[in-house]
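One structure below.
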Amino acid sequence: NAMVLLVGEQPAPNLLPVRYLRPDTAVLVYTDLTSRTAGNLRRLLGTTCRCLLHKVEAYNIPLAQQTLARFLEEEVAGHSLIFNLTGGTKPMVLAAFGLAHRYNAPFVYMETQRDRTLLYTYSISGRGTIRLEKQETISEAITIDDHLRAYLGEYEVEGFASGEGGVFEKVIHTTLEPHVDEILPNVRIGGALEIDLVIRRGNRIGIAEVK
């Protein structure tokens, strides 16, 4: 099967459903503003499924729908389709919803709550009747590595600094570690930006500057 993903500013709403539902093919629908995120997602998801990229106009609903329909008919003909309507611009969502209706294909929407992540799966009939088929809790977690590679591409973990500053950072790290799922010290991004601690609890990510 093939999952159609609408790439917006936040990559997690696309990454988690693919990891959870495990489609054979992921179609990443992106725009000029989200091309970098689409590329990052392709590198991440490409290790588990076939990934295809398709660029659309962010705010032109008829054109986006027309070009996406042609792309799906050419590239994933014969696949069963499922649409993820969580990301993208509102016009992209409307275009994809129209195609889900045309193909009688199911669609999903992901909701992130404080302590859990929910995935809603809907069906739509030829007459346009929408039905909530199921609501599931996604237990899979996105690691810190997933988050950083999805948002930024590349990064380095340098570990604790030397001197008093490094000792203090290590004390904070040791104190927080039992209360979180994952924690990385001194993450360097792009050679210039350094984050003292990156922390993950479930699918939520936080950063800390230790002073």
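The values are calculated or read from the model by the stated rules, or taken from the named source; none is laboratory data. What you see is a predicted model, and the numbers here were worked out from it, not measured in a lab. All Cβ positions, even for glycine, are placed from backbone atoms using ideal geometry, and neighbour counts span all protein chains on display. Note: areas computed on protein heavy atoms with side chains; ligands, DNA, RNA excluded. Shrake-Rupley method; radii C 1.70, N 1.55, O 1.52, S 1.80 Å.
Output the residue which, of all residues in the range 126-149 that are part of a strand (DSSP E or B) and out of contact with any Leu (no Cβ under 7 Å at 6 or more places or on another chain), is most open to solvent (accessible area, probe 1.4 Å). The selected residue is Arg131. For the residues Ile124, Ile144, Ile138, Ile183, the requirement of being closer than 29 Å to Ser35 by Cβ, of a type in the set (A, V, I, L, M) and touching a helix residue (DSSP H, G or I) at 6+ places or on another chain (Cβ under 8 Å) singles out Ile138.
The set of residues in the range 150-195 being among the basic types (Lys, Arg) and in a strand (DSSP E or B) consists of Arg188 alone. Looking across the range 191-203 at every residue that is free of Cβ contacts under 8 Å to residues at least 24 places away in the same chain and more than 18 Å from Val171 (Cβ to Cβ), the one that is nearest to the chain's Cα centre (by Cα) is identified as Arg201. Using the structure shown, decide if Asp115 is surrounded by 13 or more Cβ atoms within 10 Å (Cβ to Cβ) and among the acidic types (Asp, Glu). Against the criterion (surrounded by 13 or more Cβ atoms within 10 Å (Cβ to Cβ) and among the acidic types (Asp, Glu)), Asp115 does not qualify. When you scan the range 67-74, do you find a residue that is over 20 Å from the mean Cα position of the chain (by Cα) and either of a type in the set (Asp, Glu) or under 29 Å from Asp145 (Cβ atoms) (or both), even just one? The answer is yes, given that some residue of the range 67-74 is over 20 Å from the mean Cα position of the chain (by Cα) and either of a type in the set (Asp, Glu) or under 29 Å from Asp145 (Cβ atoms) (or both). The single condition from (1) part of a helix (DSSP H, G or I); (2) in contact (Cβ under 8 Å) with a residue 40 or more places away in the chain; (3) more than 19 Å from Tyr120 (Cβ to Cβ); (4) open to solvent by less than 30 Å² (accessible area, probe 1.4 Å) that Pro91 fails is (2). Close contacts from the range 155-174, counting a first residue that is closer than 15 Å to Leu193 by Cα and a second that is open to solvent by less than 90 Å² (accessible area, probe 1.4 Å) and in a helix (DSSP H, G or I), with Cβ to Cβ under 6 Å and a gap of 6+ residues or different chains, come to Tyr155/Leu148.
When Glu169 is tested against (1) of a type outside the set (Val, Ile, Thr); (2) modelled with pLDDT of 80 or more; (3) open to solvent by 90 Å² or more (accessible area, probe 1.4 Å); (4) over 20 Å from Pro17 (Cα atoms), just one condition goes unmet, and that condition is (3). Among the residues of the range 196-211, those that are part of a strand (DSSP E or B) and not charged (D, E, K, R) comprise Leu197, Val198, Ile199, Ile205, Gly206, Ile207, Ala208. Restricting attention to the range 94-118 and to residues that are in a loop (DSSP other than H, G, I, E, B) and among the polar types (S, T, N, Q), the residue that is nearest to the chain's Cα centre (by Cα) turns out to be Gln113.
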